Amino acid sequence: MKIKIILALLILALSLSCFGKEIAVMDSLDTSGKLFDGYYLKDYKPHRVTDRSSEVYFTKDGFGVGMTKGGEFTLNSNNKRLNFMGLSGIVLYDRDNPNMLYSLDLERIDKAGFYGTCEPLGVTCDIKVVSKDIYVGLSGTVTSKEDKKIALAFCFPVDGTTSLVKDKQIWIYDFFDAVKCEESKEYTTPAPNDPSVSQYPFATIMTGNISFAMATAPDSRDSKFSYYKDLKSFVNKYDLTLKKDTPLELDFIVYKYSYLWGFRSAYERYATIYPSSFPQKESLKVDPEIKELDDVHYYFKSLLNYDGYRVKGPLDLNDIYFIKCVAKNKPVYYEVPKENFATEYPKAVFFGFKPLVDNPSPADKKVMAEILPVYELIQDSAWNVVPAAETNNRNVMCEMYYKGDDYYVVTFNNNNLKRVSFLMLMDYSGPTTIKNLADNSNYNIKNKTIDIVMNPYGLAVFRYTSEMMNNQK
């Protein structure tokens, strides 16, 4: 009897060693499974990551990425472990034969990083991890024993649902669009001409417990960021074509950002982490190389190396912000269409672009002369990504620009109707009256709030200095 028990345990151990890293069978047709990268995982149920982290790599702002012996990622926020559920770790499959999803079998974890293998695919990963002030960086190599096409994904669990609390996830597409994630869906922002990679080199997810982003460097391998609701997993996926015994390099970062400003905050941190790709206003080239954009069907990193841009209007707001983010403080020449002058000229000024007008009419010249002081002020300033101001009307938009200790909150009524709105200057702590520099009128400001009346496609500018800000009192 004892011999039979021992044999049974040996068989069980062997089966676990052979199949323990098989996550799920993949099927392209059986929609009863859970969606992952265009396939469905059969009989897979996400679980809570409860194992102790062998190593945790902390930033100075209390964010941490950990790794368990079982090869699953953990997350920390404010130096506290978040016991989330969801698909977690490094997963991979054969793109030529996508019938099984595997997870990486870790053989080493230490302060420098980790090393693992996927024996069924003959793939190894050697990943180094560095902790910086505001991000955790992962970089390394992927190697195969033979020529092979694989999909390799770094998956982070993000569902904090408990018996008392139902967590929700918000996917943020860009500056304007965000949605509450629903079952059986993938959320991603693919590049227009290549859906295998993301349009932006970073992506953001917000939950009730944490807001964090993943990003690839401006000069590193492109990837695709997605959130899978059924898997409860935030994923950074690479499609790799491996040559036998030839390592491929990849790297990305993970970082926390302020949920108050969402995509803006994630972008601001990205630009801070990679400053060479986003030069300061004063260091821009005098004679820039201008990239003429025939449309906006580009992905972000393909445009970063140019000194300036020229684009034809009209553009919708999502495309305008895409160009503005690529350019940051670089010049953008905006060709204003004659038939849309009344709407597009002030819009170009508001966003800091340089409007180009072909044969303006006397009426057009009058509008240009009225807006000129605002145009000159914005052109002389730098863009502050987080405006530290908001309105109660989606059509009445606001941006912040700065020069030295002077801050300018610029508002724009992107609508053909007169709008009454409030404008809250969140950092303001100055006098009880403030001047609109667009028309030299004075407004009362109470509890940091200005009640403003905006004409169709009208502009307003409010200036305050660092001495008038809360953090300078």
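Starting from residues that are in a helix (DSSP H, G or I) and under 26 Å from residue 328 (Cα atoms), keep the ones in segment 348-368 and report whichever is most open to solvent (accessible area, probe 1.4 Å). Result: 368. Each residue in segment 155-176 was checked for being more than 19 Å from residue 77 (Cα to Cα), of a type outside the set (Ser, Thr, Tyr) and open to solvent by 60 Å² or more (accessible area, probe 1.4 Å), and 1 of them qualify. Among the numbered conditions (1) under 23 Å from residue 449 (Cβ atoms); (2) of a type in the set (Phe, Trp, Tyr); (3) more than 23 Å from the chain's Cα centre (by Cα), the only one that residue 375 does not meet is (1).
Selection of segment 178-215 for residues being part of a loop (DSSP other than H, G, I, E, B) and either among the small types (Gly, Ala, Ser) or closer than 18 Å to residue 254 by Cα (or both) yields 184, 189, 199, 200, 201, 208, 209, 210.
Within segment 94-121, the set of residues being without any contact (Cβ under 8 Å) to a residue 40 or more places away in the chain and either in contact with a Leu (Cβ under 6 Å, 6 or more places away or on another chain) or of a type in the set (A, V, I, L, M, F, W, C) (or both) comprises 106, 112, 121. Residues in segment 272-286 that are in contact (Cβ under 8 Å) with a residue 40 or more places away in the chain and open to solvent by less than 80 Å² (accessible area, probe 1.4 Å): 7 in all.
Residues of segment 220-258 being in contact with a helix residue (DSSP H, G or I) (Cβ under 8 Å, 6 or more places away or on another chain) and either within 30 Å of residue 24 (Cα to Cα) or open to solvent by 30 Å² or more (accessible area, probe 1.4 Å) (or both), which ones? Please lay out each step first, then the result.
At the first step, the residues of segment 220-258 found to be in contact with a helix residue (DSSP H, G or I) (Cβ under 8 Å, 6 or more places away or on another chain) are 222, 253, 255, 257-258.
Scanning segment 220-258 gives 222, 253, 255, 258.
Looking only at segment 457-473, filter to residues that are open to solvent by less than 90 Å² (accessible area, probe 1.4 Å) and touching a helix residue (DSSP H, G or I) at 6+ places or on another chain (Cβ under 8 Å); which one of those is nearest to residue 417 (Cα to Cα)? Selected residue: 457.
Per-residue answers, yes or no, for (1) in contact with a Gly (Cβ under 7 Å, 6 or more places away or on another chain); (2) of a type outside the set (Val, Ile, Thr); (3) open to solvent by less than 10 Å² (accessible area, probe 1.4 Å); (4) part of a loop (DSSP other than H, G, I, E, B):
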position: 50; (1), (2), (3), (4): no, no, no, yes
position: 54; (1), (2), (3), (4): no, yes, no, no
position: 61; (1), (2), (3), (4): no, yes, no, yes
position: 67; (1), (2), (3), (4): no, yes, yes, no
position: 81; (1), (2), (3), (4): no, yes, no, no
position: 87; (1), (2), (3), (4): no, yes, yes, yes
position: 91; (1), (2), (3), (4): no, no, yes, no
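For residue 125, the conditions (1) of a type outside the set (D, E, K, R); (2) open to solvent by 10 Å² or more (accessible area, probe 1.4 Å); (3) closer than 26 Å to residue 58 by Cα; (4) part of a strand (DSSP E or B) are fulfilled apart from (2).
If we scan segment 379-391, do we find a residue that is open to solvent by 50 Å² or more (accessible area, probe 1.4 Å) and over 22 Å from residue 318 (Cβ atoms)? Quick ask: steps written out before the conclusion?
Keep residues of segment 379-391 that are open to solvent by 50 Å² or more (accessible area, probe 1.4 Å), which gives 380, 390.
Okay, now just the ones that are also over 22 Å from residue 318 (Cβ atoms), so 380.
Scanning segment 379-391 turns up at least one residue that is open to solvent by 50 Å² or more (accessible area, probe 1.4 Å) and over 22 Å from residue 318 (Cβ atoms).
Within segment 394-445, the residues that satisfy the criterion of being without any contact (Cβ under 8 Å) to a residue 24 or more places away in the chain, farther than 14 Å from residue 465 by Cβ and either open to solvent by 40 Å² or more (accessible area, probe 1.4 Å) or β-branched (Val, Ile, Thr) (or both) are 394, 432, 433, 439, 440, 442, 443, 444, 445.
Looking only at residues that are assigned to a loop (DSSP other than H, G, I, E, B) and free of Cβ contacts under 8 Å to residues at least 40 places away in the same chain in segment 297-330, which one is nearest to residue 202 (Cα to Cα)? So that I can check it myself, show each step before the final result.
Of all residues in segment 297-330, those assigned to a loop (DSSP other than H, G, I, E, B) come to 297-299, 304-307, 313-316, 328-330.
Retained after the next criterion (residues that are free of Cβ contacts under 8 Å to residues at least 40 places away in the same chain): 305-307, 313-316.
Working: 305: 17, 306: 20, 307: 22, 313: 26, 314: 26, 315: 23, 316: 21 Å.
Here the answer is 305.
The values are calculated or read from the model by the stated rules, or taken from the named source; none is laboratory data. No experiment lies behind these values; they were computed from the predicted model shown. Glycine gets a Cβ as well: all are built from the backbone with ideal geometry, and neighbour counts include every protein chain shown. Surface areas here come from the heavy atoms of the whole protein model, side chains and all, with no ligands, DNA or RNA. Shrake-Rupley method; radii C 1.70, N 1.55, O 1.52, S 1.80 Å.
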